[in-house]
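Structure first, commentary second.
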Amino acid sequence: MVERATWSRKLFLGFNYVVLALISFLCLFPILQMVAISFSSGTAAASGRVTLFPIDFTTDAYRYVLRNQAFMDAVWVSVERVVLGCSLQMILLILIAYPLSREVSAFRHRTLYVWFFMITILFSGGLIPTYLVIKQTGLIDTIWALVIPSAVPVFSVVLLLNFFRSLPKELAEAAFIDGAGHWTTLFKIYVPLSKPGIATLLLFSVVGHWNSWFDGIIYMNSPDKYPLQSYLQSIVLMKQDSAALSVMDASVLANLSDRTLKSAQIGLGALPILMVYPFLQRYFMKGIVMGSVKE
């Protein structure tokens with residue numbers, strides 16, 4: 001028997017839908033306005049007439065950005081950073097989380113290593129000591145300065161080891177009885193069963209590397225080695241290079257402005273994350289509730 005919803009219940013649900021719709025619109029409004037500005041003429045954008053829809057629709061801003069060699073170089077640096085950083089990070093996370101997920105009887109010094117990693121959450125050397133370490137190790141102005149310092153996020157280690165510990169112990173015991181070693185048990189049992197958790201941490205890693213901008217400005221001496229977000233930060237805080245704009249045709253220049261160019265570059269910078277996220281979304285919802293054991 002299905003109970004009919006009372007009028008108060010319907011009113012409550014309607015109120016919730018309206019509030020959630022308003023919150024969603026407030027979150028989407030800046031993105032929609034940025035996209036509208038990027039497709040508008042320079043005159044309309046500079047005069048502040050663009051809200052949610054483009055005025056005097058044009059793609060000249062995107063044509064200029066895609067022909068801008070500095071922008072494309074920054075995109076390549078970010079892609080290289082994401083590939084190297086995420087690969088290294090996930091390998092280290094798996095190799096660290098597995099032994100730490102074992103019982104003390106199986107890994108005698110487990111507690112010591114847990115405290116070794118946890119202490120880095122409580123205490124940090126700060127920006128200057130970190131910069132000096134990276135400088136003395138010769139990583140300044142190289143891609144590894146953007147990859148190695150964030151290779152082992154301890155919070156992600158804690159999440160993954162808890163996911164490993166939630167898996168039934170009988171699976172590992174059966175594998176050991178059949179003659180499997182730790183490497184086989186890890187990559188044949190633990191990793192396949194932990195796809196939701198690993199995919200969630202991979203999403204965190206991709207977003208973190210792609211959106212990071214401060215370390216690029218600190219560790220890169222050459223602007224041509226900036227990752228994309230560092231490059232966008234630099235162009236947002238300064239005017240567009242007039243020398244670069246002077247090579248454009250007069251008809252194209254008429255449709256460009258500082259706001260349209262910045263909006264086009266920011267929009268293209270956010271596009272890869274918007275494309276990757278839907279493919280990991282189905283794992284994300286499972287990985288967020290790490291720890292459940294299904295029978």
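What follows is calculated from the coordinates using simple rules that are stated; it is not laboratory data. All of these numbers come straight from a predicted model, not from anything done at the bench. Reconstructed Cβ throughout: ideal geometry from the backbone, glycine too, with neighbour counts over all protein chains shown.
Quick one: how many residues across region 146-170 are in contact with a Lys or Arg (Cβ under 9 Å, 6 or more places away or on another chain) and closer than 23 Å to Ser230 by Cα?
Total satisfying the criteria: 2.
Would you check which residues across region 143-183 are more than 30 Å from Gly126 (Cα to Cα) and either in contact with a strand residue (DSSP E or B) (Cβ under 6 Å, 6 or more places away or on another chain) or among the aliphatic types (A, V, I, L, M) (or both) and list them?
Leu167, Leu171, Ala172, Ala174, Ala175, Ile177, Ala180 - these are the residues of region 143-183 that are more than 30 Å from Gly126 (Cα to Cα) and either in contact with a strand residue (DSSP E or B) (Cβ under 6 Å, 6 or more places away or on another chain) or among the aliphatic types (A, V, I, L, M) (or both).
If the requirement is being under 21 Å from the mean Cα position of the chain (by Cα) and under 30 Å from Phe163 (Cα atoms), which of these qualifies: Ser124, Ser87, Ser105?
Ser87
Wholly within region 130-237, which helices (runs of 4 or more DSSP H) include no fewer than the required count, namely at least 3 residues that are closer than 30 Å to Val79 by Cβ?
It comes to 144-147, 154-166, 195-211, 214-219, 228-236.
Say we look at region 9-40 and pick out the residues that are among the small types (Gly, Ala, Ser) and free of Cβ contacts under 8 Å to residues at least 40 places away in the same chain; which of these is nearest to Leu268 (Cα to Cα)?
Only one residue tops the list, namely Ala36.
Considering only helices (runs of 4 or more DSSP H) fully contained in region 42-115, which possess at least 2 residues that are surrounded by fewer than 20 Cβ atoms within 10 Å (Cβ to Cβ) and not small (Gly, Ala, Ser)?
Where helices (runs of 4 or more DSSP H) fall fully within region 42-115 and carry at least 2 residues being surrounded by fewer than 20 Cβ atoms within 10 Å (Cβ to Cβ) and not small (Gly, Ala, Ser), they are 60-66, 69-100.
Is region 71-83 home to any residue that is touching a residue at least 24 places away in the same chain (Cβ under 8 Å), of a type outside the set (Gly, Ala, Ser), in contact with a helix residue (DSSP H, G or I) (Cβ under 9 Å, 6 or more places away or on another chain) and farther than 30 Å from Pro272 by Cα?
Taking every residue of region 71-83 in turn, none turns out to be touching a residue at least 24 places away in the same chain (Cβ under 8 Å), of a type outside the set (Gly, Ala, Ser), in contact with a helix residue (DSSP H, G or I) (Cβ under 9 Å, 6 or more places away or on another chain) and farther than 30 Å from Pro272 by Cα.
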